[in-house]
Structures are given as structure tokens and as C-alpha cells.
1. Whole-Hz ³J(HN,Hα) for each residue in the stretch 100-106, computed from phi via Karplus 6.51 cos²θ - 1.76 cosθ + 1.60 with θ = phi - 60°, x for glycine and proline: what do you get?
2. Mind listing the long-range amide H neighbours of residue 117? Cut-off is under 5 Å, sequence gap 5 or more, other chains count too, H placed in the peptide plane at 1.01 Å from N.
3. Taking the alpha-carbon centroid of each part, what is the distance from the stretch 208-253 to the stretch 362-427 in angstrom?
4. By counting other Cβ atoms within 10 Å of each Cβ, how are 161, 185 ranked from fewest to most?
5. Grab the eigenvalues of the alpha-carbon gyration tensor for the chain, scale each by 5, take roots, and send me the semi-axes largest first in whole angstrom.
6. In nanometres, what is the gap between the two model label sites at residue 320 and residue 53, each 7 Å from Cα along Cα-to-Cβ?
7. So if I place +1 on the C-beta of Lys and Arg and -1 on the C-beta of Asp and Glu, and nothing else carries charge, what would the dipole magnitude of the stretch 317-403 be about its Cα centre? I want it in debye, nearest 20.
8. Residue by residue through the stretch 249-260, which ³J(HN,Hα) values in whole Hz follow from phi under the Karplus form 6.51 cos²θ - 1.76 cosθ + 1.60 (θ = phi - 60°), with glycine and proline marked x?
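Only the coordinates and a few stated rules stand behind these numbers; no lab work does. Note that the structure is a prediction, hence the values are computed from the model and not measured. Glycine also receives a Cβ, built like all others from the backbone with ideal geometry; neighbour counts cover every protein chain displayed.
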Amino acid sequence: MKILIVGNGGREHALLWKLRRDAPSAQFFATRPNPGMAPLCTGVDLAPTDVDRLGTWAEGEEISLTVVGPEIPLARGLADAFRKRGLPVFGPTATAARIESSKAFAKDLMERVGVPTAAYRCFRSWSDAEAYIQEKEGPLVVKASGLAAGKGAIVCQTTEEALEAAREMLEGDAFGSAGAEIVVEEFMEGEELSVFGITDGRHVTFLLPSQDHKQIGEGDTGPNTGGMGAYAPIPIATDHLLDTVRDQIFLPVLDAMEASASPFRGVLYAGLMKTADGPKVVEFNCRFGDPEAQVILPLMDNPLLELLVAVGRGGSIAGTRARWNGRSALNTVLASEGYPGSYEKGKEIQIPGGLTDQEDLLVFHAGTREEEGRLLTAGGRVLSVVGLGNTLAEARERSLAGAEAIQFQGKTYRSDIGWRALESEETPAEGG
Ligand code: AMP
Ligand code: GLY
């Protein structure tokens, strides 16, 4: 079996790691693999967005399954192009990927089928947005509708902040064409969770829910990033909550997409807020989350590959279930100083010898590159340091020890990943 992974970040490193465990005898390929992935696969020197050339290459190699990590190649029609050539591919078509690539599309779809989400309005005109924001009271969230690497949502406490965010998107050039349309929505109070459903377009198999930490600063402060760390399992994801999420969120959305002749096949990522009125959708993504995949995949007991192959070939996953090993995982992301704003690259990274041989510690590469035998930083999010343990506290300890041991100039990370769950673990239950 020949498997191509498209993408070269922390999520794709984790996918490669898991799929190799699932199929040790398969041959693996990846587009421009990072230095962590490179020893595990054969590199293909094509960009993930070079859809036609990738298709020609994959056809020539007779690739049995292509797994697409990032959203941009999906939004540019990679899955459409591969399917046209008869190549099995895990990931939705460009039309279905609009659930992520256009927040306006996602919100309108949710409104149409009654999926719980924040009240909102979409705008292309600054004067209309201005009038609407002026009318509203309380905090608002202003979002670029298009793809913005997780940084396009601005939580605004005051009317002035909301006006400024909207003006910068619609009148200025914040987020470029992704900000030509914006969504202005009410602020939702609650705790966030990420739920990934593998779907053949009709049935859904949930992976273990996890929690990301989007903000750069400790205690969830400062601007949003792509994600600074995650952990799983999470105590707030009860069976009851997941039943609600399936019945009120995933199934209505999948049914509506199938009915409009653009079924979603791949992994549907629901970013949720657990509010006092039940779970509500913050956003949908058309792919696995990063840094969440790095904690979920090491906890999965059964093969992920079987699910990806079934969906990739256009088959059914009815009746399938994912199994988990009962342990915990926590991922601390090491970022470059300045991220999510501008940052310098090319800092030498030192990973102590033997660190990655430790049991219960996994280091997934994201923004790294190799030059003359030296490992250098090459992106905002540089490494994912994943600790595994029998408890979340153990997983956290291992992840933090790894994060401390790795060195590079400007290394920036949050040492409080998992704080909500750890705090509730420490608080004795009331009434003994
Ligand atoms: P998004 O890009 O839509 O996922 O938003 C990024 C982050 O902004 C989310 O993970 C939340 O932390 C925050 N956020 C977005 N929308 C809302 C909302 N309506 N209420 C509260 N927080 C939000
Ligand atoms: N962790 C957030 C995302 O993958 O979009």
C-alpha cells in the first residue's frame, strides 16, 4: 500500500506517526516533509497546493490513499482533482470545504438547519457593519470570513474595539481577501472543546474530544494563534454532551450538505462552546485540528487507517467506532518569539540526545528545517511536545519537562495547558 500525506506541520507528523503504526509495511510519502517526518517517509518535492502536478505524480505512483492535512489544498480542490483521476483521497471537495473556507457559508448553513451557534450578521460593506456594531451592546466577535490560519477571529470587549477590527478587515487590508467579507457575532460564554467526526457524508464516528488553547498568553490572554497546546481526554465531554453534538450539530449539517449535492467526506472538526444553553458551534473546519491531532492520535487504540481508507474510497463507515487506550495526552507547543505576530526564523534548535527515545514523550515537528546537519526554526509554531500518562497531571509533567529541555533562542510556550481540567481534578467533589 502506498500512502501520500499532504502537508508538513505538526498535525501531519502526528498523522504519519499513527498511520505507520497502523500499517508498518506500507510505503509512505509526504510533500516536502519537515525534518521530523523526513526519516519516516519519502519526500515529494511539490507544494500541497500544486494540485494538478500532485495528481499526476500520485497517478504515476499508483498511490492507494492520499490524506490531506491542511485546509488550503482542500479549498483549492485537491480532493476534487484526485477523485476525478480515480485516486482515493481522504478530505472533502472544495465545495464541501466551504464549511471552513467561508465562515459566512457555515453560519448561513447552520441558521438554515437550526444548528445552535452564536447570533450573527455577515457584511461586505463597512458602513453596514458600522451601523450594526453601533447598535449592539456587550462584547462581540469580529471574524474574517475566509481562511486566516486561525488568527482571523477578534474577540472585542467594547464597541470601539469591534469597530476597529471590522474597519481593518473591510477598509484596511487585515487578512487580505479573507477579510473582504466579515461575520460579526455575539460573544458566547463557556468552555471550548474540539470534536472531530470522521464521516462518509452520512455516518459519523467521533474521535476523542480535546481542548485547544488558542490564545498566546497564560490564563488564555492575548491574541489568538493557530493553537498553543491541547489535551485529551477532557472531563466536560460527557456521553450526554456528545449525543447532543451528534444529533443537533453533526447529523443536521451532514444531511443538509448531502441534500445540496455536496456531501462532506473527510473529518469534520466542530469547534464548540459548552454554554449554559448547551453546546454551540464556534466554527467548523474541514480537517484535523492542529495541535489537537497530536494528542488524540497517540491515544487511539484501533487503526485510523481503516476509517480513512473507507472514506477515501467512497465507502461507508456505518457502525464503526474508535477505541481509546484510557490514558491522557497533553501537548505543549513551542513557538517563535513574536508569534502570532512577526517573528524571526533560523534559530538553532537543540533537542537533548535521548529525549525523543523516552517512553511517553513524543516530539512532533512543525516549523523546523535542516541545514548542514543543524535543526533550525522555520515557522511560528516550531515543535509540539506531547506527554503521555496514566493521568492528565502525569502527561502534563512529561510534556513540560520536554518543553523545558528543548532549547532555541526566543522559545515561547504556555506552561498552563490543561489548566481547567487540572484545576477541577484538584478540587474535591462537593458533599464527599
Ligand atoms: P474561530 O476562528 O471562529 O475558531 O475563533 C477563534 C477563537 O476565538 C475561538 O476558538 C474562541 O476562543 C474565540 N471565539 C470565536 N467566536 C467566539 C464567540 N462567538 N464567542 C466567544 N469566543 C469566540
Ligand atoms: N487548533 C485549531 C485548528 O486546528 O484550527
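1. With the stated coefficients, the stretch 100-106 comes to 9, 6, 9, 5, 5, 4, 4 Hz.
2. Excluding prolines and chain starts, which carry no amide H, the hits are 281.
3. Cα centroid to Cα centroid, the span is 19 Å.
4. Values: 161 16, 185 20.
Ordered by Cβ neighbours within 10 Å, fewest first: 161, 185.
5. Numbers: eigenvalues 184, 142, 110 Å².
Semi-axis lengths for the chain are 30, 27, 23 Å.
6. 3.2 nm
7. 460 debye
8. My calculation for the stretch 249-260 gives 10, 5, 5, x, 5, 5, 4, 5, 5, 5, 5, 8 Hz in order.
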